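The values are calculated or read from the model by the stated rules, or taken from the named source; none is laboratory data. Remember, predicted model here, so these are calculated numbers, not experimental data. Ligands, DNA and RNA are excluded from the accessible area calculation, which covers all protein heavy atoms including side chains. Shrake-Rupley method; radii C 1.70, N 1.55, O 1.52, S 1.80 Å.
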Amino acid sequence: MPFDTRRWVDPSQPQTLQFACWLLYANAIIGLLFGGSVLGILGLAASVLAGFGIANEKRWGYFLAVALTGLEVLLYVVVAGGIIGAISSAVLVPLAFTVALFALLLHPQSRDYQRIWFK
């Protein structure tokens, strides 16, 4: 019987990827608590899938997380009416967390690790 190596978080990864994984899961939980549309629920499921992919060192998980987070940043800015509108509106706090997640994913340490170790 093969040893099951699937995990939700990988402590051997750099801190940037570990924290990004936790933020992806937290984003999904908060989204479920506050409800949303069917499209929003699919996005939250994709966040969990991306976090699980990153934790299991899958390249598709990393690219899914980058694409989802980039799209989320873009949507927040468009909904708020531009960068200035986003800074002075109610979307500032969720936008800040999304930008932090995007920065963690694109950090050189995260990119180098996924380039070398992810399959």
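Remark: the range 98-114, residue by residue, has Karplus-estimated 3J(HN,Hα) of 5, 5, 4, 4, 4, 5, 5, 5, 8, 4, x, 5, 5, 4, 5, 4, 5 Hz, where x stands for each Gly or Pro and the curve is 6.51 cos²θ - 1.76 cosθ + 1.60 at θ = phi - 60°.
Once Rg and the Kirkwood radius are both taken over the C-alpha atoms of the chain, their ratio Rg/Rh works out to 1.01. So for the range 1-58, considering every pair of alpha-carbon atoms, how many percent are separated by more than 13 Å? Everything past 13 Å amounts to 60 percent.
Given a 1.4 Å probe, how much area per residue of the chain is accessible, in Å²? Numbers along the way, then the final one.
Working: 7430 Å² over 119 residues.
Result: 62 Å² of accessible area for each residue.
Couplings for the range 43-60, taken from phi via the Karplus curve 6.51 cos²θ - 1.76 cosθ + 1.60 with θ = phi - 60°, read x, 5, 5, 5, 5, 5, 4, 5, x, 5, x, 5, 4, 9, 6, 9, 4, 5 Hz in order; Gly and Pro are left as x. The HN-Hα couplings worked out from phi for the range 14-27 by the Karplus form 6.51 cos²θ - 1.76 cosθ + 1.60 (θ = phi - 60°) are x, 4, 4, 6, 4, 5, 4, 4, 4, 5, 4, 5, 5, 4 Hz, whole numbers, x standing for Gly and Pro. Please report the spacing between the Cα centers of the range 89-108 and the range 1-80 in Å, no decimals. With the range 89-108 and the range 1-80 each reduced to a Cα centre, they are spaced 13 Å.
If I compute solvent accessible area with a 1.4 Å probe over the protein chains, what percent of it on the chain is carbon and sulfur? Mind showing how you got there, number by number?
On the way: 5550 of 7430 Å².
Using a 1.4 Å probe with all protein chains present, the chain comes out at 75 percent carbon and sulfur.
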